[in-house]
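A quick write-up on the structure given underneath.
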Amino acid sequence: MDHDEYNWISRRAHEIWQSEACPNGRDQEHWSQAVADWQARGDTDPPHLGLDATAPPIRRVLVVDDEPLIRFATVDALEAAGFEVVEAGNADEAFILFEGTQIDAVFTDVNMPGSTDGLGLMNRIRSRSPGTRVIVTSGHVRLGAFDLASGVSFIPKPYNHDEIIDMLKVSFDPSPGPA
């Protein structure tokens, strides 16, 4: 399964989960339905289209990584793409920022110091705000659909910043509306 297919299926499974009022214990059913939707969609849609068009646009992204150079480079790339970016060096700091700031998406590393890691942060964010887009990254582990919360995407390190931007721009249009 390539990244586009995985991310489309992951977002679709999350939409199904949300549409059913976020039930617990049914992720496998939602994932299976999303796979069937992927297979049924044919070649008429690019893999990143055909999802919930009413989803609010992603404007503010929280970038979480304990490696400053990696974090700074990611922040710079996202800002250059038109996103407003907030940054944190660990999951504890990130959750405090998340609680006090309107955040549309979180891009987090897995392995970080502190009381929890990126997966713990992912779970806390999903329980607080199921509609917040979450992308997880790691250079040490590979995570699959059943390792992540519903609707969460994974991108391995080293990554290309354009891949992250493309994942976030699914519902982001930096151009101004009609005058």
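Taken together, the values in this text are just the output of simple stated rules run on the coordinates, not laboratory data. Everything numeric here is computed off the predicted structure, so don't read it as measured data. Note that each Cβ is placed from the backbone with ideal geometry, even for glycine, and that neighbours are counted across all protein chains shown.
Here are a few things to note about the model shown:
- Point-to-point label distance, residue 73-residue 157, nm (Cα→Cβ direction, 7 Å offset): 1.0 nm
- Debye equation applied to the C-alpha atoms of segment 57-171, log10 I(q)/I(0) at 0.13, 0.18, 0.19, 0.21 Å⁻¹: -0.41, -0.83, -0.95, -1.20
- Theoretical FRET efficiency, 1/(1+(r/R0)^6), r = Cβ-Cβ of residue 60 and residue 115, R0 30 Å, to 0.05: 0.75
- By other beta-carbon atoms within 10 Å, ranking 71, 60 with the fewest at the front produces 60, 71.
- In this calculation the C-beta distance from residue 84 to residue 127 is compared with R0 = 35 Å, giving a FRET efficiency of 0.90.
- Segment 92-160: radius of gyration and largest Cα-Cα distance (Dmax), Å: 11.4, 31
- Sorted on the mean count of surrounding Cβ atoms within 10 Å across their residues, most packed first, peptides 126-132, 93-99 read 93-99, 126-132.
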